[in-house]
Amino acid sequence: MRVGAAVWSVAVLATLALVTVIQQGSVASRWLDAPGSAEAAAPGVAAGASGAGLTRPAGGDAPLPRACALARDERACAAWVGARERPPRARAWARAVLCARNCSGVGSCDMHTGVCACAAGWYGRACERLSVRACNGETDGLWVASHCAGECDARTGFCYCPGRVGVRPLPDTCQPSHLSVDAFAALGLRPDPAAPGLSPRDGSEAVPAPSTAEGRHAALRRVEAVTRDLAARPDQRANVLARLWYGAGPAGARAIRVDGERGVPRTVGARPARAASAGAPHPEPVYRRISARGTHPANALLHAAAPSAAGPTTDGRPAWCEADASGEPAHRCACVYDGMHGALCEERHEPFCLNQCSGHGVCAPRGGRCECARGFFGADCSLTTEERADGSGRAVVLHAQHAARAAPRSPRIFVYELAESSTLLLELRADKRSCAHRFFDAANRTVWSSYTYAAEVLLHEQMLASRHRTAVPDEADWFYVPVYACCLILPVYDYVGPGPWARNYPMRPVSAMRLFVDALAHVRGALPHWNASGGVDHLFFFAHDEGGCWAPRELAASATILSHWGRTDARPDSSSRYMADNWQSDHRTDTRAPSGRRWDFPGGSRAMIGDHACHASGKDVVLPVFAPPDKFEASPWLRVASEVARAPRARAVARTRAELSADLAAQHADARVRGAPSPPADSGARRADVGSLNATLSRAHPALVAEVMRARRTLAYFSGNLALREPLKYARGVRHRLWAAFNRTNGWLLTGGRGGQYSRDLADATFCIVPPGGDGWSSRLDDAVRHGCIPVVIMDGVRMPWEEELRFGAYGMRIGQADIERADAILRAVPDERRVHMRLAMYEVWTRFVYAGAMLGADDFLGAGAPGRLPREFASQPALSALRLALGADGGAGEPRPDAFDTLMMALHARAAARRARARLVEALA
């Protein structure tokens with residue numbers, strides 16, 4: 001009997017634990033709606049202006065919190081809302097650990113692990129080793145953007161005017177189109193065998209035409225011979241550079257040295273005076289195009305006497321590098337390096353750093369790295385130490401003003417310090433518009449970036465400043481590992497890469513994969529938590545085109561992958577038509593890491609990736625793409641939010657069912673054409689649906705009713721690359737077929753890039769087509785929801801953002817790829833009342849597709865110690881002002897709406913609860 005009772009007890013415990021797993025959000029067990037299915041239940045609409053009290057969890061009496069509207073697992077979501085503000089409890093603590101040699105004064109110490117975060121140009125355990133990033137690398141072809149006819153900052157690979165390093169940029173878009181052969185060789189440039197070579201100045205045939213194979217080989221031989229000669233004669237090399245940079249002879253050459261530490265030519269002492277204008281073209285043949293982006297005559301950039309393929313062209317005006325405030329230069333270069341502005345890039349403004357160093361440090365002059373005040377550390381200077389009351393040591397804590405200092409919200413997230421895979425890459429980006437989601441203008445106002453992969457840095461910044469953050473790893477539910485793989489791919493390796501992929505260097509995602517391998521090695525060695533859990537509580541963000549397809553196999557097997565690409569094939573192939581992004585190409589040769597280390601590929605890169613799905617349903621999470629405010633400025637939901645704020649207590653006028661049916665029929669009559677399917681008959685089921693809709697609308701605000709009932713001129717809309725000149729592999733051929741089937745169909749608008757018209761187009765379309773991206777993910781579902789345009793997904797086996805967290809069928813639909821040619825008939829057959837239901841559902845969830853918190857609180861991290869340091873005019877932009885109202889952040893009645901970050905926290909809370917429940921089940925069965 002005792003044995004039987006024990007077995008029975010274990011069985012009961014196992015059953016209870018299993019029920020808990022199901023209730024607490026085991027997403028894998030709650031499969032998605034069938035493609036094209038429509039959920040009959042209408043979304044809830046606010047009883048008041050805020051919309052609080054929508055529906056009730058199944059079997060419960062309490063109203064469903066607004067944060068859980070249309071959540072797929074309502075119970076798990078409600079549990080998350082209830083657990084967010086857990087009462088304070090006895091806290092664990094993390095002991096501070098010192099770093100070797102105080103990081104040699106060129107780095108900051110992560111006191112969680114005792115590992116140095118080195119500034120650009122240094123690496124090693126104590127930042128004691130130099131990391132040279134020469135602009136003109138020995139293996140670089142003409143495509144590399146760092147090619148520099150001026151003076152190189154060998155810490156970062158940035159190009160400047162000679163003698164003005166750190167002062168006047170000579171960026172990749174401002175390079176000479178031609179250089180004399182001796183100058184080309186003196187700079188250390190290497191010609192690209194496939195590129196045009198020498199062009200004789202006098203028109204003679206001494207050098208064969210570079211368009212022929214014989215000409216290209218002759219050009220290569222000539223440059224190689226001059227390079228060998230100058231390498232053996234350093235004084236002559238200095239003479240050549242002096243003439244190129246300053247128009248000076250041997251006397252000027254004495255000011256030029258090859259730095260013994262870095263091996264890069266540099267100016268020593270004061271910059272020589274301005275050279276006289278050239279009287280005649282340079283006698284040497286010139287090498288065409290110093291780099292892929294070189295387009296300007298050298299005498300408009302370096303100095304008036306510089307060799308130019310066209311002779312003197314400056315009309316007496318100074319060149320860019322020799323100009324001063326008294327004269328207009330012959331050409332102006334863009335101030336693309338962060339923190340620079342002005343007519344000659346001579347003025348300075350705030351560069352980008354994570355959370356602008358939290359008010360406890362300053363951003364380094366070119367941005368990316370925080371120089372923390374004494375006693376503070378971390379990627380954003382948000383960590384410090386304090387002596388424990390019992391005298392047992394110093395503990396690592398968040399700074400006093402941090403939102404999570406007292407007690408972090410659930411789920412609690414620990415953020416690793418990983419400078420080599422994150423902030424170092426920000427230091428090495430040679431364009432302030434790249435990598436980050438924001439930068440500053442000349443007046444220190446925030447400017448939102450259109451960089452495609454901006455969510456990568458944004459999410460890290462939000463994690464660091466979030467109320468969910470904990471500085472104590474032992475109390476964390478999740479561990480976030482920041483890796484800026486997209487920033488590595490573009491622009492960092494586009495500027496100073498290990499070498500072009502066409503010359504047997506790794507494909508771009510292969511290099512990025514290797515960056516994740518380094519990050520994983522650090523995580524495994526720095527703290528015990530990956531090894532303790534097997535990695536199931538670790539988060540990695542793969543924001544590039546194909547998401548987690550090329551994740552290292554060990555990481556993909558256990559960690560949670562965040563991405564924009566929910567492709568579920570068990571053994572996917574590379575979907576990119578861009579050769580440099582073919583991650584299936586096997587690479588085995590050691591190469592250079594951004595930090596200066598060497599990367600190896602044991603067994604080859606293909607074996608390191610292995611065979612796994614890009615997205616594992618129930619484990620991984622698909623996130624929306626970051627969109628700057630101008631991408632949704634015409635959103636009708638913003639207009640509704642403004643009108644609700646002006647008249648919060650207004651109510652719609654009740655109508656009879658017949659009146660509503662007539663209104664619905666009138667809304668879309670102009671979208672129907674001869675031969676199209678008739679709307680569904682007025683069946684009993686349809687009459688009930690109309691009646692339910694009428695009851696819902698009668699409780700809604702008139703502004704919302706007017707919007708969801710508004711006639712839209714376009715039936716189906718798509719804007720983007722229509723694949724007219726693309727191979728069939730591009731976007732799985734879906735765009736080719738859409739164009740062939742519907743480019744002349746009434747009510748369809750298939751068009752190329754629309755620029756500023758895009759947001760208005762979305763707001764005036766009923767259905768928005770969501771085909772695959774050209775090389776992977778697409779942001780078009782996010783764009784559609786933000787504009788109340790019903791998303792129509794046409795990509796089989798790919799999960800959309802939040803599709804596994806929300807009831808997608810309530811606001812979107814799917815059409816199988818096999819049914820593309822039937823899309824017009826399918827869309828026209830959707831009843832008008834169903835369209836209105838779906839718009840109402842989108843109204844409830846649209847803020848989940850906006851990183852609103854990141855935009856509305858973009859300088860809250862400055863804290864009380866720096867009031868007014870950065871202006872907040874950006875927050876008065878119409879789109880952001882209305883977004884604040886839409887979130888209910890200005891004191892409106894009821895509960896604020898969740899944004900994208902909140903929705904991720906909801907998903908992570910459910911997964912953590914399910915993980916704990918599974919652990920209890922295993923323990924009970926043991």
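Read-outs throughout are calculated quantities, based only on the coordinates presented, and are distinct from any laboratory measurement. This one's a predicted model, so the numbers in the text were calculated from it and none came from an experiment. Every residue, glycine as well, gets a Cβ built from its backbone with ideal geometry; the counts of neighbours run over all protein chains shown.
Results, tabulated for the structure shown:
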{"quantity": "Amide H contacts of residue 447 (H built 1.01 Å from N, under 5 Å, at least 5 apart or other chain)", "calculated": "439, 440, 441"}
{"quantity": "Whole-number D in µm²/s for region 487-627 (Stokes-Einstein; Kirkwood sum over Cα pairs; 25 °C, 0.890 mPa s)", "calculated": "158 µm²/s"}
{"quantity": "Filtered GluC sites (Glu not before Pro), region 315-398: DSSP coil and at most 14 other beta carbons within 10 Å", "calculated": "346"}
{"quantity": "Candidate lysines - alpha carbon under 30 Å from residue 619, same-chain residues fewer than 8 apart omitted", "calculated": "729"}
{"quantity": "Summed side-chain charge close to residue 483 - residues other than residue 483 whose Cβ falls under 9 Å, Lys, Arg +1, Asp, Glu -1", "calculated": "-2"}
{"quantity": "Residues with amide H under 5 Å from that of residue 567, placed H, sequence gap 5 or more", "calculated": "615, 799"}
{"quantity": "Cα-projected label distance for residue 598 with residue 400, points at 7 Å along beta-carbon direction, nm", "calculated": "5.0 nm"}
{"quantity": "Residue 97-residue 443 FRET efficiency (beta carbon distance; Förster radius 45 Å; 0.05 resolution)", "calculated": "0.60"}
{"quantity": "Restricting region 353-406 to trypsin sites (Lys or Arg not before Pro) in coil, as DSSP defines it, with at most 13 other Cβ within 10 Å", "calculated": "374, 388"}
{"quantity": "P(r) histogram, all alpha-carbon pairs of region 711-802 included - 5 Å bins from 0, percent", "calculated": "3, 15, 26, 27, 20, 9, 2, 0"}
